[in-house]
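If you scroll down you'll find the structure; I have some questions about it.
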Amino acid sequence: MLKIEARAQPSKHWAYFSPILAVVLTLITGAILFSSLGQNPVEALYIFFISPIEDWYGISELLVKCIPILLCAYGLSLCYRASVWNIGAEGQLLMGGLIGSAMALQFVHSDSIWAMPLTLLAGILGGAAWAGIAAFLKLKMNSNEILVTIMLNYIALNLLVWAVHGPLKDPQGFNFPESALFAQSTILPVLFEGTRLHLGLVFVLLALAIIWVFVSKTFIGFQIRVLGMDKAAAKMAGFSQNKLSALVLLVCGGLAGLAGASEVSGPIGQLVPSISPGYGYAAIIVAFLGRLHPLGITLAGLLMALIFMGGEMAQISLALPSAITGIFQGLILFYLLSSDVLIRYRIKIKLPPINSVKKRVYPTQTEAQ
Amino acid sequence: MKKALKVVGLALGLVASASSFAQEKLKVGFVYVSPTGEAGWTYNHDQARLSLEEAFPGVVKTTFVENVAEGADAERVITQLAKSGHELIFTTSFGYMNPTIKVAKRFPNVKFEHATGYKRADNVGTYFDRIYEARYLTGVVAGYMSKTDVVGYIGAFPIPEVVRGINAFALGVRSVKPNAKVKVVWVNTWFDPAKEREAANSLIDQKADVITFHTDSPAPVQAAQEAGIYAIGYHSDMSEYGEKAHLTAAVHNWKGFYKKRVEQVLAGTWKSEDVWQGFAGGMTELAPFSPAVPAEVVSKVEALKTKIIAGEFHPFSGPLKNQAGELILKSGEVMSDEALLGMNYYVEGVDGKLK
């Protein structure tokens, strides 16, 4: 009989093993899934997980895809560590893209060296300001930041759609909802010839290093962690909950805004209605998959991007439907959350004692499963 | 001996070239903005893709990638198709325009066909159908069938393509019922069944008794069926989603065009073109009429269709007034293609403001 027992302390081993177990289980399920679809499972898994990154071009595309997700996820991890439940990275990214584009369009006929830095700065400020609204409402009106940030996402999306159909529309664009193409001076330089891998990668690496040091080595980072774990303790120690909550929201907004500005001035090169296929939402999953640790987030972000690209390869090479991408994302989340049970609980195999046959045993709730 | 060797060599060479010919399929790629599904814009393109496989058995191999977002992802998918040996690639959504142009620059030997856009290059052609012709005719049907004189229209984005459809439909409705109103709801998405259904319900609440839409899913037809009113399908025949509600549909037919372009690539005569054809070219069609449409209405519509094909009638003929009542097209004039392509105003009879 299997019995689930609470551990006295969360297992350190399983904190590391559970993601690996989840990946292994996902692969096994994936193999079963592929063979039931009439594919050779080894070949299908190869096409799904290896072929997208077989060559340097594929790796560069993986990184391009990761950039906005990771920038958002680093910021979100900071919020979640402080138990500030910011769901608004998507809206903050969109506002970054929108305000950044508004700035970029001032430089359409210019080769000023300020074009790009100002565009990025405008994006950061746009994202931070959008998060600032949530911070203000949380601190001054005691509003629930989950609801506020979700609703701000919709407002940001509609503002963007309005702008791209209105003031920021390309005057020479036959009334189609797109801005003019940005000038070369605004476009983020490509780091490696022949790829789309742009300066945004440097921002990701900087953000990774800064967030890591900030959380684990600075006093404010310590305060944030304490606040997240125990509000009362943070208050006792005299840490200002208001200041910390505002800080994490603004930093996250700034990073998401940078992500948005980097997308429009990077791979897209203009403002379009659909600058994000939900990067801000994917980043929430990535932040938790990565256990709110910058390094874990980086790995999780790479994995999410790989699943996404694998889905495209499966369509091109195996003629499988795109729903397969969603299935894999769902599988890995499901297994990860299930495997996490092992961190706090242990499974005990208990053989029923022989003399218990005579007794009538009523299964308890945990045993019933 | 030498001669024998030569013959064997020649034979081997022939066998090799013959087998390489048999393997040398033309790979044709398709990029779709939504899932292929069972009806709608993408479904219709996919039907034409399947017809290619049938029309060129063993010669053409097709590939599609569905649900590709119109942002940074599109360029990667198009590149991936070009890199993996696809020589002809159809990108079937407006948002793929700039990515298609960008990728085309890097793959000058690959041919691209972009639907609904306006940017072309030596290896990028554009195509679309004059669906406004069908919109006008379905408007005529709606005009006959409406009792409340209010018809509803769900729009995706206020771009010329959609606005043109709304105006053509309104002109058709008002050619029958001069006082009828066309109410418009924008959903700001091409494909979101829940939103489309919501929009349909809000139109029904505003007394619309015939609705149509410029989005991708058949959800509005289902909503109409439930509410007991009429609907006019779009993209493909959607009668199976609401047998009683579905009157007819404005339908694209890409089969002939795709076949022609593939033939041209195979023959080496493909050239970048801007293709915009309607009923006359077989690109635009009407779905079969439901029994609810009276026979006289059907024959009137068929007669109009014949006139359009013959070039005797154009849906956008003067005199034409905009919403404010200003004359935009004088009596006896026909709107130019340029004016049609840049349409950014409502004609008289459309309710609401164009944002």
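The values are calculated or read from the model by the stated rules, or taken from the named source; none is laboratory data. Quantities reported herein were computed from a predicted structural model and do not represent experimental measurements. A quick note on method: Cβ atoms are made from the backbone with ideal geometry, for glycine too, and the neighbour counts reach across all protein chains shown.
Is it fair to say residue B:320 is touching a Lys or Arg at 6+ places or on another chain (Cβ under 7 Å) and not small (Gly, Ala, Ser)? Please lay out each step first, then the result.
Numbers: touching a Lys or Arg at 6+ places or on another chain (Cβ under 7 Å): no; not small (Gly, Ala, Ser): yes.
In short, no.
Name the single residue that is farthest from the other protein chains (Cβ to nearest Cβ) among those in region B:134-148 being surrounded by fewer than 24 Cβ atoms within 10 Å (Cβ to Cβ) and in contact with a strand residue (DSSP E or B) (Cβ under 7 Å, 6 or more places away or on another chain).
Per the stated criteria, the residue is B:145.
Criterion first (touching a Pro at 6+ places or on another chain (Cβ under 8 Å) and under 26 Å from residue B:114 (Cβ atoms)) does residue B:161 satisfy it?
no
Is at least one residue of region A:180-189 modelled with pLDDT under 90 and either polar (S, T, N, Q) or under 26 Å from residue A:91 (Cβ atoms) (or both)? It would help to see each step written out before you state the result.
If we filter region A:180-189 for residues that are modelled with pLDDT under 90, which is where we start, we get none.
Checking region A:180-189: not a single residue is modelled with pLDDT under 90 and either polar (S, T, N, Q) or under 26 Å from residue A:91 (Cβ atoms) (or both).
Anything in region A:8-38 that is touching a helix residue (DSSP H, G or I) at 6+ places or on another chain (Cβ under 6 Å) and part of a loop (DSSP other than H, G, I, E, B)? List them, or say none.
A:10, A:11
Within region A:240-357, considering only helices (runs of 4 or more DSSP H) that don't extend past its boundaries, which have at least 1 residues that are more than 30 Å from residue A:24 (Cα to Cα), within 14 Å of chain B (Cβ to nearest Cβ) and in contact (Cβ under 8 Å) with a residue 12 or more places away in the chain?
In region A:240-357, A:241-263 are the helices (runs of 4 or more DSSP H) which contain 1 or more residues that are more than 30 Å from residue A:24 (Cα to Cα), within 14 Å of chain B (Cβ to nearest Cβ) and in contact (Cβ under 8 Å) with a residue 12 or more places away in the chain.
Pick from A:164, A:190: which is within 23 Å of residue A:277 (Cβ to Cβ), out of contact with any Gly (no Cβ under 8 Å at 6 or more places or on another chain) and facing chain B (nearest Cβ under 10 Å)?
A:164
Take residue B:151 and tell me if it is in contact (Cβ under 8 Å) with a residue 40 or more places away in the chain and within 14 Å of another protein chain (Cβ to nearest Cβ).
Here the answer is no, as residue B:151 does not meet what is asked.
Take the residues of region B:50-65 that are touching a Ser or Thr at 6+ places or on another chain (Cβ under 9 Å) and crowded, with 22+ Cβ neighbours inside 10 Å: which is farthest from residue A:58 (Cα to Cα)?
Of everything passing the filter in region B:50-65, B:52 is farthest from residue A:58 (Cα to Cα).
Further question on the same structure: Touching a residue at least 60 places away in the same chain (Cβ under 8 Å), surrounded by fewer than 22 Cβ atoms within 10 Å (Cβ to Cβ) and away from every other protein chain (no Cβ under 14 Å): does that describe residue B:180?
yes
Run down B:257, B:316 and say which single residue is within 26 Å of residue B:211 (Cα to Cα), away from chain A (no Cβ under 14 Å) and among the aromatic types (Phe, Trp, Tyr). Steps first, please.
On the way: B:257 fails: within 26 Å of residue B:211 (Cα to Cα).
Going through B:257, B:316 in turn, just one is within 26 Å of residue B:211 (Cα to Cα), away from chain A (no Cβ under 14 Å) and among the aromatic types (Phe, Trp, Tyr): B:316.
Within region B:83-95, track down each residue that is at pLDDT below 95 and on the phi < 0 side of the Ramachandran plot.
Narrowing region B:83-95 to residues at pLDDT below 95: B:83-85, B:93-95.
Result: B:83, B:84, B:93, B:94, B:95.
Select from region B:67-81 the residues that are of a type outside the set (Val, Ile, Thr) and crowded, with 20+ Cβ neighbours inside 10 Å and list them in ascending order.
If the condition is that a residue be of a type outside the set (Val, Ile, Thr) and crowded, with 20+ Cβ neighbours inside 10 Å, then B:67, B:70, B:71, B:72, B:73, B:74, B:75, B:76, B:80, B:81 are the ones that fit.
Is there a residue being crowded, with 24+ Cβ neighbours inside 10 Å, within 14 Å of chain A (Cβ to nearest Cβ), in contact with a Lys or Arg (Cβ under 6 Å, 6 or more places away or on another chain) and at pLDDT 95 or above anywhere in region B:5-28?
No, region B:5-28 contains no residue that is crowded, with 24+ Cβ neighbours inside 10 Å, within 14 Å of chain A (Cβ to nearest Cβ), in contact with a Lys or Arg (Cβ under 6 Å, 6 or more places away or on another chain) and at pLDDT 95 or above.
Scan region A:328-356 residue by residue and report those that are under 20 Å from residue A:69 (Cα atoms) and buried (at least 17 other Cβ atoms within 10 Å of the Cβ).
If the condition is that a residue be under 20 Å from residue A:69 (Cα atoms) and buried (at least 17 other Cβ atoms within 10 Å of the Cβ), then A:328, A:329, A:331, A:332, A:336 are the ones that fit.
So, in region B:207-221, how many residues would count as being outside any strand (DSSP E or B), within 21 Å of the chain's Cα centre (by Cα) and not small (Gly, Ala, Ser)?
Of the residues in region B:207-221, 5 are outside any strand (DSSP E or B), within 21 Å of the chain's Cα centre (by Cα) and not small (Gly, Ala, Ser).
Take the residues of region B:245-280 that are of a type in the set (Gly, Ala, Ser) and either touching a His at 6+ places or on another chain (Cβ under 9 Å) or loosely packed, with under 15 Cβ neighbours inside 10 Å (or both): which is nearest to residue B:225 (Cα to Cα)?
Within region B:245-280, the subset of a type in the set (Gly, Ala, Ser) is B:245, B:249-250, B:256, B:267-268, B:272, B:278, B:280.
Applying the additional criterion that residues be either touching a His at 6+ places or on another chain (Cβ under 9 Å) or loosely packed, with under 15 Cβ neighbours inside 10 Å (or both) yields B:249-250, B:256, B:267-268, B:280.
Working: B:249: 15, B:250: 18, B:256: 32, B:267: 48, B:268: 49, B:280: 32 Å.
Among residues in region B:245-280 that are of a type in the set (Gly, Ala, Ser) and either touching a His at 6+ places or on another chain (Cβ under 9 Å) or loosely packed, with under 15 Cβ neighbours inside 10 Å (or both), the one nearest to residue B:225 (Cα to Cα) is B:249.
Let me ask something additional. Any residue in region A:50-68 that is away from every other protein chain (no Cβ under 12 Å), surrounded by 21 or more Cβ atoms within 10 Å (Cβ to Cβ) and of a type in the set (Phe, Trp, Tyr)?
no
Would you check if there is a residue in region B:161-176 being in contact with a Lys or Arg (Cβ under 7 Å, 6 or more places away or on another chain) and part of a loop (DSSP other than H, G, I, E, B)?
no
Ok, one more. Any residue in region A:134-157 that is assigned to a helix (DSSP H, G or I), over 30 Å from residue B:161 (Cβ atoms) and small (Gly, Ala, Ser)? Lay out the reasoning, then the answer.
Residues of region A:134-157 assigned to a helix (DSSP H, G or I): A:134-141, A:145-157.
Still in the running and over 30 Å from residue B:161 (Cβ atoms): A:134-141, A:145-152.
Add one more test, that the residue is small (Gly, Ala, Ser), and what stays is A:134-135.
Yes, region A:134-157 contains a residue that is assigned to a helix (DSSP H, G or I), over 30 Å from residue B:161 (Cβ atoms) and small (Gly, Ala, Ser).
Can you pull out the strands (runs of 3 or more DSSP E) entirely within region B:32-129 that have at least 2 residues that are away from chain A (no Cβ under 11 Å) and in contact (Cβ under 8 Å) with a residue 24 or more places away in the chain?
Numbers: elements: B:60-65, B:86-91, B:111-115, B:124-129.
In region B:32-129, the matching strands (runs of 3 or more DSSP E) lie at B:86-91, B:111-115, B:124-129.
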